[in-house]
Amino acid sequence: MRASSSKNLADLESSLGYKFKKKSLLKEAITHKSYAHEKQKGVLSFNERMEFLGDSVLELIISEYIFTSHPEYTEADLSRIKSYTVQEATLAETAQNIDIGKHLLLGKGEELTGGRAKNSLLADAFEALLAAIYLDGGYKKARDFIHRHLIHKTDELSTKKFIFDFKTKLQEVAQAQFGVLPAYVVHKEEGPEHKKTFEVKVFINDDYLGLGKGKTKKAAAQEAAEAALKKIKKNYEINL
């Protein structure tokens with residue numbers, strides 16, 4: 001675990017592009033429960049509650065942006081592009097880009113098992129930091145933070161047509177090539193009720209073809225379908 005010295009916190013503020021008035025909010029946002037439990041059981045605050053708030057603030061900011069920027073998108077398009085933008089992998093990558101991992105306060109167990117590089121911890125810390133900025137500086141500062149570090153992902157997704165409906169495409173390919181429909185199975189559910197993560201597997205003729213992970217079963221199924229299409233393209237040399 002690493003100490004949260006004034007210099008470390010200042011370095012993190014520089015990476016975030018935001019200077020906190022209340023440093024306690026910043027420290028809480030980077031404190032994992034493993035550290036809190038080791039140091040002061042039941043006394044030291046950690047970032048799970050902030051993750052909850054940050055998740056909601058993030059969805060509002062992203063929804064507002066894509067709604068106003070893309071009047072041509074349908075509700076389904078908006079939902080898909082939001083899901084891809086706020087998925088764990090995207091948030092973890094963004095957290096890595098601004099060096100959040102090296103500033104986390106972790107317990108010995110998490111430290112030894114590579115917690116600083118875990119997508120789940122990085123994504124959660126990103127959301128917690130967003131909540132901290134929101135509580136410290138208000139909605140505009142939180143929105144500025146997301147626009148500075150994450151909003152370009154929505155533009156990339158639009159440019160690369162990441163709002164493509166992979167489930168519909170997989171259904172078409174499965175029927176044409178194999179004469180059956182793909183079957184989706186919820187493999188795993190993790191996390192508290194307000195912040196569940198789902199893993200979905202997709203099968204064709206009982207053959208496992210892909211795994212997807214998301215905040216909803218629908219988003220996880222889309223990711224699983226995308227993985228399946230890539231596998232089919234590679235194994236059967238089909239031009240999709």
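Read the figures in this text as sums done on the coordinates, not as results from a lab. The shown structure was predicted, so the numbers you read here are calculated from the model rather than taken from an experiment. Cβ: placed from backbone, ideal geometry, glycine included. Neighbour counts: every protein chain shown.
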Quick check on region 133-194: what are the equivalent-ellipsoid semi-axes from the Cα gyration tensor, as sqrt(5λ), descending, whole Å? 38, 20, 6
Under the rule of -39500 (n - 2.57) per DSSP H run of 4 or more residues, summed and divided by the residues of the chain, what mean residue ellipticity at 222 nm is obtained, to the nearest 500 deg cm²/dmol? -18500 deg cm²/dmol
With θ set to phi - 60°, apply the Karplus curve 6.51 cos²θ - 1.76 cosθ + 1.60 along region 29-37 and write out the HN-Hα couplings as whole Hz, x wherever there is a Gly or Pro. 5, 9, 9, 7, 4, 5, 6, 4, 5
Need one number: nm distance between label points at Leu78 and Phe203, each 7 Å from Cα along Cα→Cβ, rounded to one decimal. 3.7 nm
What is the log10 of I(q)/I(0) for region 200-240, computed with the Debye formula using one identical point scatterer on each Cα and no solvent, at q = 0.14, 0.23, 0.24 Å⁻¹? -0.29, -0.68, -0.72
Computed lengthening from Lys188 to Asp155, 0.36 nm per intervening residue step minus Cα-Cα distance: 8.8 nm
Please work out the Kirkwood hydrodynamic radius for region 65-111, using every pair of different C-alpha atoms, and report it in angstroms with one decimal place. 13.0 Å
Net +/- balance of residues flanking Asn97 in space, Cβ distance below 12 Å, scoring K and R +1, D and E -1: 0
Quick check: convex hull over the Cα atoms of region 166-236, volume per residue in Å³, rounded to an integer? 66 Å³
Of His194, His37, His152, which is the most mobile in a GNM of the chain whose springs link Cα atoms less than 10 angstrom apart? His194
Only counting other Cβ atoms within 10 Å, I'd like Ser34, Ser45 sorted with the fewest neighbours first. Ser45, Ser34
Can you give the log10 of the normalised intensity I(q)/I(0) at q = 0.12, 0.13, 0.14, 0.18 Å⁻¹, computed with Debye over equal Cα scatterers of the chain? -0.74, -0.84, -0.94, -1.30
What angle, in degrees between 0 and 90 and rounded to the nearest 10, separates the Cα long axis of helix 166-178 from the longest principal axis of the Cα atoms of the chain? 30 degrees
In percent, what relative contact order does the chain have, based on Cα pairs under 8 Å that are 6 or more apart in sequence? 18 percent
